[in-house]
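**Student:** I'd like to ask you about the structure that follows.
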Amino acid sequence: MNIQKSWVNRLLGDKQAHKEHIVVVLSMLVVTALYQFIATTVIADYAVNWFEFVGTWAGLTCVWLTRTQNVLCWPWGIVSSIAFGFFFQQIGLPGQQWLNWGYFLTIQLWAWPYWVFGGANRTELQVSRLGAKGRGFALLAVVGGTYVVYTLIGYFSPGSLYPVLDALVVAASITAQYLLGRKLIESWWLWLGPVNLLSIGLFFSAGAYVVMALYVAFFIHAFFALRHWYREEHRV
């Protein structure tokens, strides 16, 4: 019984993690509400979409907590994936919908306990980086994945918006999320470039301005997370 309780405590974080969690959740709620207020003020005929609102709030919370390696990032990532899946279904980006429901949702259920028990002797997983071969495989995964997703979009959703860009963002996101689940620094390089920068252009083109603003925030977070994780690796 004590062992089980210890496992639960490790999955849910310590008191310091909980304190940070509360501050971040409330702060990101305020930021998301501000996003929405600015959007309704600046953009003509803009209407609040609650799937977009929840996905943005949960996504910002998840990324902030991921940057500081707070294990409570994962439940917020799961909420974000569910909400954004519905939102992307509504605005005609099937690749992004599949990415959130078919991949992000499931891999985060794996990554959550892996961060906690994936280290030596089931200890907490430590930050590390790929070797040259691993980086080569990651690049191949992005290129090959883009081709596969583009083909699937053409088959299942002909006439969808920006299929090449959509496919590239999906493939890079899949690779980045897997590397993040293993606490590999290279994940943040993928989040910075192929995912966040391209997503900003994709969502702007699709008229999803609040999500576009979210990815601007993701880009900034990824930059600071990369620096933080490099320092963390050198301390290990």
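The values are calculated or read from the model by the stated rules, or taken from the named source; none is laboratory data. Model, not experiment: these values are computed from the prediction. Neighbour counts run over all protein chains shown; Cβ positions are idealised from the backbone, glycine included.
**Student:** I'd like to know if region 118-127 contains one or more residues that are under 22 Å from residue 55 (Cβ atoms), touching a Gly at 6+ places or on another chain (Cβ under 9 Å) and modelled with pLDDT under 90.
**Tutor:** Within region 118-127, none of the residues are under 22 Å from residue 55 (Cβ atoms), touching a Gly at 6+ places or on another chain (Cβ under 9 Å) and modelled with pLDDT under 90.
**Student:** Here are 17, 33, 47: which of them is part of a loop (DSSP other than H, G, I, E, B) and surrounded by fewer than 18 Cβ atoms within 10 Å (Cβ to Cβ)?
**Tutor:** On the way: 17 fails: part of a loop (DSSP other than H, G, I, E, B); 33 fails: part of a loop (DSSP other than H, G, I, E, B).
Matching residue, one of 17, 33, 47: 47.
**Student:** If you don't mind, another one. Might you let me know whether region 31-49 holds any residue that is modelled with pLDDT under 90 and on the phi > 0 side of the Ramachandran plot?
**Tutor:** Yes, some residue in region 31-49 is modelled with pLDDT under 90 and on the phi > 0 side of the Ramachandran plot.
**Student:** State whether the residues of region 153-171 include one that is within 17 Å of residue 63 (Cβ to Cβ), among the hydrophobic types (A, V, I, L, M, F, W, C) and assigned to a helix (DSSP H, G or I).
**Tutor:** Going through region 153-171, the residues within 17 Å of residue 63 (Cβ to Cβ) turn out to be 169.
Remaining after also requiring among the hydrophobic types (A, V, I, L, M, F, W, C): 169.
Within this subset, residues satisfying the condition of being assigned to a helix (DSSP H, G or I) are 169.
Yes, region 153-171 contains at least one residue that is within 17 Å of residue 63 (Cβ to Cβ), among the hydrophobic types (A, V, I, L, M, F, W, C) and assigned to a helix (DSSP H, G or I).
**Student:** Take the residues of region 78-125 that are touching a helix residue (DSSP H, G or I) at 6+ places or on another chain (Cβ under 8 Å) and in a loop (DSSP other than H, G, I, E, B): which is nearest to residue 183 (Cα to Cα)?
**Tutor:** By that ranking, first place goes to 125.
**Student:** Which condition number in (1) free of Cβ contacts under 8 Å to residues at least 40 places away in the same chain; (2) under 16 Å from residue 63 (Cα atoms); (3) not hydroxyl-bearing (Ser, Thr, Tyr) is the one that residue 141 fails?
**Tutor:** All conditions pass for residue 141, except number (2).
**Student:** Counting only residues that are surrounded by fewer than 18 Cβ atoms within 10 Å (Cβ to Cβ) and among the β-branched types (Val, Ile, Thr), which one in region 83-115 is farthest from the chain's Cα centre (by Cα)?
**Tutor:** Among residues in region 83-115 that are surrounded by fewer than 18 Cβ atoms within 10 Å (Cβ to Cβ) and among the β-branched types (Val, Ile, Thr), the one farthest from the chain's Cα centre (by Cα) is 91.
**Student:** Name the pairs: first residue in region 44-56 and free of Cβ contacts under 8 Å to residues at least 12 places away in the same chain, second residue among the polar types (S, T, N, Q) and part of a helix (DSSP H, G or I), Cβ to Cβ under 9 Å, at least 6 apart or on different chains?
**Tutor:** Going by the 9 Å Cβ cut-off, the qualifying pairs are 47/40.
**Student:** I'm told residue 132 meets every condition in (1) within 19 Å of residue 191 (Cβ to Cβ); (2) of a type outside the set (Lys, Arg); (3) over 21 Å from the mean Cα position of the chain (by Cα) except one. Can you identify the failing condition by its number?
**Tutor:** (1)
**Student:** Quick one: in region 156-175, which of the residues that are touching a residue at least 40 places away in the same chain (Cβ under 8 Å) and touching a Pro at 6+ places or on another chain (Cβ under 6 Å) is nearest to residue 190 (Cα to Cα)?
**Tutor:** 160
**Student:** Consider residue 153 against the criteria (1) closer than 20 Å to residue 196 by Cβ; (2) surrounded by 20 or more Cβ atoms within 10 Å (Cβ to Cβ); (3) out of contact with any strand residue (DSSP E or B) (no Cβ under 9 Å at 6 or more places or on another chain): it satisfies all of them except one. Which criterion is unmet?
**Tutor:** Every condition holds for residue 153 apart from (1).
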